[in-house]
């Protein structure tokens, strides 16, 4: 059972998405997405009709990605639990809602044009996280989470 946050957990979501028919419905996606949980950063690379790579990275590499999704560990945990309970994110837990509701940006980037990929391929990224409904998850609060 993969632990959140970890490369294994994000890879389990990637594998589930790659096995699904989501890309057939939604089309291709080319983006380098980051996820920050506490002081840990993960890179998820979408290329064409698949999630090509998942890896843990440092803050410097995160700055080079198209965008990074940032929220406190407790919010990530609540989002994942909502997805697991309902089979997909409910209204206030969708990526769009999280981005619009926060006082700080949820999807962050130094380059607005690259950040726009978050909106352009939003449903693909939502499908990625909705795969958490299919992945048994344990939780461990990372160092530096707030």
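The values are calculated or read from the model by the stated rules, or taken from the named source; none is laboratory data. Only a predicted model underlies this, so the values are computations on that prediction, with no experimental measurement involved. No Cβ is skipped: glycine too gets one built from the backbone with ideal geometry, and neighbour counts run over all protein chains shown.
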When residue 132 is evaluated against the numbered criteria (1) farther than 17 Å from residue 10 by Cβ; (2) at pLDDT 95 or above, which criterion, by number, is the only one it fails?
-> (1)
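Could you list all residues from the range 121-139 that are surrounded by 12 or more Cβ atoms within 10 Å (Cβ to Cβ) and either free of Cβ contacts under 8 Å to residues at least 40 places away in the same chain or touching a strand residue (DSSP E or B) at 6+ places or on another chain (Cβ under 6 Å) (or both)?
If we filter the range 121-139 for residues that are surrounded by 12 or more Cβ atoms within 10 Å (Cβ to Cβ), which is where we start, we get 121-135, 137, 139.
Matches in the range 121-139: 121, 122, 126, 137, 139.
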Any idea which of (1) touching a strand residue (DSSP E or B) at 6+ places or on another chain (Cβ under 7 Å); (2) surrounded by 14 or more Cβ atoms within 10 Å (Cβ to Cβ); (3) without any contact (Cβ under 8 Å) to a residue 60 or more places away in the chain is the one residue 46 doesn't satisfy?
-> (3)
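Conditions tested, residue by residue: (1) more than 16 Å from residue 134 (Cα to Cα); (2) touching a residue at least 12 places away in the same chain (Cβ under 8 Å); (3) out of contact with any strand residue (DSSP E or B) (no Cβ under 6 Å at 6 or more places or on another chain).
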residue	(1), (2), (3)
70	yes, yes, no
79	no, yes, yes
84	no, yes, yes
87	no, yes, yes
92	yes, no, yes
102	yes, yes, yes
107	yes, yes, no
Test: residue in the range 84-105 that is buried (at least 19 other Cβ atoms within 10 Å of the Cβ) and over 13 Å from the mean Cα position of the chain (by Cα) = no
Expected single match for under 20 Å from residue 44 (Cβ atoms), out of contact with any helix residue (DSSP H, G or I) (no Cβ under 8 Å at 6 or more places or on another chain) and at pLDDT below 95 among 110, 77 is 110
Failed item, numbered, when residue 55 is tested on (1) under 17 Å from residue 6 (Cα atoms); (2) surrounded by 14 or more Cβ atoms within 10 Å (Cβ to Cβ) = (2)
Can you find even one residue in the range 114-123 that is modelled with pLDDT of 95 or more, over 19 Å from residue 29 (Cβ atoms) and part of a helix (DSSP H, G or I)?
-> no
Residue list for the range 41-63, filter: over 13 Å from the mean Cα position of the chain (by Cα) and either part of a loop (DSSP other than H, G, I, E, B) or farther than 17 Å from residue 15 by Cα (or both) = 48, 49, 57, 58, 59, 60, 61, 62, 63
The correct count of residues that are closer than 18 Å to residue 135 by Cα, out of contact with any helix residue (DSSP H, G or I) (no Cβ under 6 Å at 6 or more places or on another chain) and in contact (Cβ under 8 Å) with a residue 24 or more places away in the chain in the range 16-34 is 2
